[in-house]
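Written out below as structure tokens is the structure these notes cover.
The values are calculated or read from the model by the stated rules, or taken from the named source; none is laboratory data. Worth saying up front: this structure is predicted, and the values here are computed from it rather than measured. So basically every Cβ, Gly included, is an ideal-geometry build from the backbone, and we count neighbours across all protein chains shown.
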Amino acid sequence: MQEAELVRVASRAAYLIAAAGAFALVSIGLFFAGIGAFGTLNDLSLLVMTLALAPVMLGFYTLGGRTPLRPAQLALASGTAAVILWSVLQAMMIVGVVTFDYEHAATGAFAGEAIALVAMGSWLGGASLLAGAWLSPPLRWTGATAGLAFIVFAGGLLLGGVNHPLTYVGGIGYQIVFPAWAFFLGRLFAGVSPSPLATS
């Protein structure tokens, strides 16, 4: 696949993150309002939102930044692995293969999801701060903020579950800042042409 096409795919994936994130926010609100079916829809929308991050990672790698090639490849590989791990565990939870105890500190598969969130947040913050001049300063810092939110959110889950204060604080960035960032990133990707030397 040509580099320009990879960036176009990343643009569409970023828009998908934004759409899935918006639906996740609405569905969790309806779930807490007492409509139980929206709990599963929220879980599915978060799965879509997270899977769509992988093409965005590839878009960042294609456009390049201030990271040397080998560390950039390592970051892409580890970030993609975290997306896959989180998504597999989320899918297993949705179909009932594993169960999550949301009221207590995350253990087992739930802890695995939280650790994957830390890895994704680390990628998101690092990639945003180290991206090339193609990434605008507002998106650079918003992406870094969203990445930190992933880590804080995961920390709250590991320390005390969904009702831990860090979970609430990080959740704002995870479910609001991240999808908003992705929407504007999608617009940016749509207008950016990759350099032949972008990933070197």
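Cβ separations smaller than 8 Å between residues 6+ apart or across chains give the following pairs from segment 1-26 residues that are over 24 Å from residue 176 (Cα atoms) to residues that are hydroxyl-bearing (Ser, Thr, Tyr) and buried (at least 21 other Cβ atoms within 10 Å of the Cβ): 3/62; 6/62.
Confirm whether residue 54 is within 18 Å of residue 190 (Cβ to Cβ), aliphatic (A, V, I, L, M), in contact (Cβ under 8 Å) with a residue 12 or more places away in the chain and in contact with a helix residue (DSSP H, G or I) (Cβ under 8 Å, 6 or more places away or on another chain). Here the answer is no, as residue 54 does not meet what is asked. The residue of segment 1-31 that is nearest to the chain's Cα centre (by Cα), among those that are more than 18 Å from residue 83 (Cβ to Cβ) and not aliphatic (A, V, I, L, M), is 23. Please work out if residue 45 is crowded, with 18+ Cβ neighbours inside 10 Å, at pLDDT 95 or above and over 20 Å from residue 116 (Cβ atoms). Considered against the rule, which asks whether it is crowded, with 18+ Cβ neighbours inside 10 Å, at pLDDT 95 or above and over 20 Å from residue 116 (Cβ atoms), residue 45 comes out as no.
Taking every residue in segment 84-104 that is under 18 Å from residue 159 (Cα atoms) and pairing it with any residue that is hydroxyl-bearing (Ser, Thr, Tyr), at least 6 positions away or on another chain, the pairs with Cβ-Cβ distances below 9 Å are 101/107. For residue 69, the criteria (1) surrounded by 14 or more Cβ atoms within 10 Å (Cβ to Cβ); (2) under 22 Å from residue 4 (Cα atoms) hold in every case but one, which is (1).
Residues that are of a type in the set (Ser, Thr, Tyr) and either in a loop (DSSP other than H, G, I, E, B) or over 13 Å from residue 124 (Cα atoms) (or both) within segment 70-93 comprise just one, 87.
A Cβ distance below 9 Å, combined with a sequence gap of six or more or placement on separate chains, defines the contacts here; from segment 109-123, residues that are within 12 Å of residue 75 (Cα to Cα) and without any contact (Cβ under 8 Å) to a residue 60 or more places away in the chain reach residues that are part of a helix (DSSP H, G or I) and polar (S, T, N, Q) in the pairs 119/78; 122/78. For segment 129-142, the tally of residues that are in contact with a Gly (Cβ under 7 Å, 6 or more places away or on another chain) and either in a helix (DSSP H, G or I) or among the aliphatic types (A, V, I, L, M) (or both) stands at 2. Whenever a residue of segment 155-176 is farther than 22 Å from residue 22 by Cα, its partners that are of a type outside the set (Asp, Glu) and modelled with pLDDT under 95, lying with C-beta atoms within less than 6 angstrom and at least six residues away or across chains, give the pairs 161/102. In this entry, residue 67 passes the filter for residues that are in contact with a Gly (Cβ under 9 Å, 6 or more places away or on another chain), in a loop (DSSP other than H, G, I, E, B) and either closer than 16 Å to residue 183 by Cβ or in contact (Cβ under 8 Å) with a residue 40 or more places away in the chain (or both). Total residues in segment 136-156 satisfying the condition of being touching a Ser or Thr at 6+ places or on another chain (Cβ under 7 Å) and either more than 14 Å from residue 177 (Cβ to Cβ) or at pLDDT below 95 (or both): the figure is 1.
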